[in-house]
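Presented below is the structure to which this report refers.
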Amino acid sequence: MLKKLLLLFVFITSVSNAQHTIKGAMSPEIATDWLILYRLEGTKQVFVNNTTIQKDSIAISGVKQAVSSFTITLPATAKPGTYRATYKLKGAGFIDFVYNKEDVSFIFNPEYPKQSAAFLTSKENKLYGNYLTDITVVQQKLDSIQIAVLQNPSLDLKEDYKKTLEKVAAVQARYMLSSKNKYIAPFVKASARNNPSEILTSVPAYLGNIKNTYFDKLDFSNQTLINSSFLTNRILDYIFYINYTKDDVKQQELYKQSITTILSKINNVRYKSAIIEFLIEQFETTKNIAIIDYLFNEHYSKLPENLQNTQFIEEKKLLFAAEVGRIAPDFSWQEKGSSFQLSTLNDANHYVLVFWSTGCSHCLKEIPELHSYMKTKPSLKVVGFALEKDAFVWETYTNSNLNGWHNVLGLQKWQNKTARTYNINATPTYFILDKNKKIIAKPNSFTDVKAFIEAM
């Protein structure tokens with residue numbers, strides 16, 4: 001009897017600690033030869049494993065096709081969750097899937113991974129994929145009926161709408177039942193749309209319903225949803241699509257309102273901190289300084305101190321210190337025996353701040369052009385900040401060619417402290433400042449500088 005119990009214990013232990021494999025095939029094949037597997041935790045990616053991508057061929061619909069394939073064996077300790085297989089750094093370069101103690105295999109088009117994924121093994125992923133297909137078909141039918149009435153209110157489609165709404169509810173109920181106690185259950189529940197019980201006859205009412213019921217099925221405390229891209233995707237849709245307008249001024253207000261609404265739904269302060277950081281990085285891509293400041297000042301700074309990442313704050317402050325809308329970071333220099341400071345200059349209505357170098361061929365072409373042009377603009381002044389390894393060539397050049405400018409020497413070239421503050425990675429780099437030293441433009445070239453000044 002004891003021997004049987006020991007054998008049973010060994011069997012149970014081996015099953016519970018079994019390793020599983022993730023297999024993928026990409027068609028058409030890709031040039032990339034590596035793949036990294038992450039597990040999603042909140043808004044972060046946690047490294048799990050990596051592997052090489054092999055060239056292979058498989059039969060697809062009876063026809064042999066060249067594919068790129070990969071296999072990753074998960075450690076026995078791998079947790080259930082949403083995983084991300086990343087095969088290129090930009091664009092649609094990853095595919096997400098659910099892992100819950102079973103082998104997972106799939107095939108997909110690497111250019112359209114989300115839309116094309118077909119799971120060959122994994123009951124959970126197959127079930128969720130079937131759900132998304134079935135619910136999308138009936139929901140699109142319902143939406144088409146609704147839109148037809150919005151376009152032509154004289155149409156009588158109430159019965160069609162009612163019957164289709166019942167079909168939507170039936171599909172949702174069927175998959176809610178079949179996904180019960182499975183890892184994907186929260187995704188199925190959260191994916192349901194809150195459709196009105198009766199067809200709507202006005203566009204404002206239709207849009208209002210979408211906006212007002214958007215969060216009804218979203219549970220921001222559910223750890224399964226938190227540890228996936230589901231909630232972050234819904235957040236992005238709400239901010240950038242549900243609350244969109246062509247009016248730039250109104251759009252800024254809508255951004256603030258939608259951010260406030262979203263954060264009010266999140267009670268988990270650690271997750272709220274992660275979402276604020278995530279949103280700051282989203283607005284970083286468009287350099288929307290006003291909204292980044294709003295996120296920092298009105299939300300991030302009000303979190304408990306232990307949840308405010310000091311390094312993150314400093315990195316972003318440095319990154320955005322010299323963007324349009326900011327007061328230009330201050331610096332000082334000596335000029336003909338006198339001390340000067342950018343912030344206290346008062347000899348012009350506007351300033352062109354240019355970072356350049358005597359060792360830069362583009363600079364030696366554009367700087368003389370800028371010097372000649374600025375002679376015709378007495379209300380503007382140039383601050384030429386030269387990034388040099390030593391002073392000798394710079395002194396000779398500026399004394400002979402750049403009279404009338406404020407000439408600043410920045411030693412240590414790319415490692416110069418001011419250059420790093422301004423995030424200078426190439427020369428020449430131009431900034432146009434107003435009288436108060438606020439950055440109002442960052443032209444790419446002398447031609448752009450000239451065009452901006454002429455348009456002022």
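No lab work stands behind these numbers, since they all come straight from the coordinates. All of these numbers come straight from a predicted model, not from anything done at the bench. Neighbour counts run over all protein chains shown; Cβ positions are idealised from the backbone, glycine included.
Here are a few things to note about the model shown:
- Summary of the geometry: the range 148-163 and the range 179-204, compared by the centres of their Cα atoms, lie 21 Å apart.
- The amide H of I327, built 1.01 Å from its N in the peptide plane, has I439 as neighbours under 5 Å, considering only residues 5 or more places off or on other chains.
- Separation of the alpha carbons by more than 29 angstrom is noted, of K365/K442; K272/K437; K126/K246, for K272/K437; K126/K246.
- Integer Hz, Karplus 6.51/-1.76/1.60 couplings in order for the range 323-332, x for Gly and Pro: 8, 4, x, 7, 6, 4, x, 7, 7, 10
- Distance violations [Cα-Cα > 29 Å] among K44/K316; K88/K287; K167/K250: K167/K250
- Considering only S27, A66, T77, the residue lying farthest towards the positive end of the dipole of the range 18-140 is T77, judged by Cα position with unit charges set on Cβ.
- When each of the peptides 427-438, 282-293 is scored by how many other beta carbons lie within 10 Å of its residues on average, the order from highest to lowest is 427-438, 282-293.
- Relative contact order, whole percent, for the range 19-119 stands at 34, derived from Cα pairs under 8 Å and 6 or more residues apart.
- Electrostatic bookkeeping for N349 treats Lys and Arg as +1 and Asp and Glu as -1; over the other residues with beta carbon under 13 Å from its beta carbon, the sum is +3.
- Cross-link pairs exceeding 32 Å in C-alpha to C-alpha distance, out of K336/K435; K90/K163; K302/K381; K114/K163; K375/K438, comprise K90/K163; K302/K381.
- Calculated mean residue ellipticity, 222 nm, the chain: -12500 deg cm²/dmol, from DSSP H runs (n ≥ 4) at -39500 (n - 2.57) each, averaged per residue and rounded to 500.
- Structure-derived P(r) over Cα pairs in 20 Å bins from 0, in percent: which label, when the choices are (i) 18, 38, 31, 12, 1, 0; (ii) 15, 17, 15, 12, 13, 11, 10, 5, 2, 1, 0; (iii) 24, 51, 23, 2: (i)
- Taking Cα centre as origin and charging only the Cβ of basic (Lys, Arg, +1) and acidic (Asp, Glu, -1) residues, the dipole magnitude of the chain rounds to 1160 debye.
- Candidate lysines for bridging to K162, where Cα separation is under 22 Å - those fewer than 8 sequence places away on the same chain excluded: K141, K189, K211, K217
- Highest mean first, the peptides 117-125, 388-396 sorted by other C-beta atoms within 10 Å per residue fall in the order 117-125, 388-396.
- Packing-based exposure ordering (other Cβ within 10 Å, fewest first) of W356, W34, W333: W34, W333, W356
- Each peptide in 267-278, 195-206, 365-376 receives the mean, over its residues, of other Cβ atoms within 10 Å, and ordering these scores from highest gives 267-278, 365-376, 195-206.
- Percent RCO, i.e. relative contact order, over the range 122-201, from Cα pairs under 8 Å lying at least 6 residues apart: 40
- Counted by Cβ distance under 13 Å from L218, the other residues give a net charge of +2, where Lys and Arg count +1 and Asp and Glu count -1.
- The range 395-456: relative contact order in percent, alpha carbon pairs under 8 Å with at least 6 residues between: 17
- Fewest-first sequence of D56, D330 by Cβ atoms within 10 Å of each Cβ: D330, D56
- Of all beta bridges that DSSP places with both ends in the chain, some 70 percent have antiparallel geometry.
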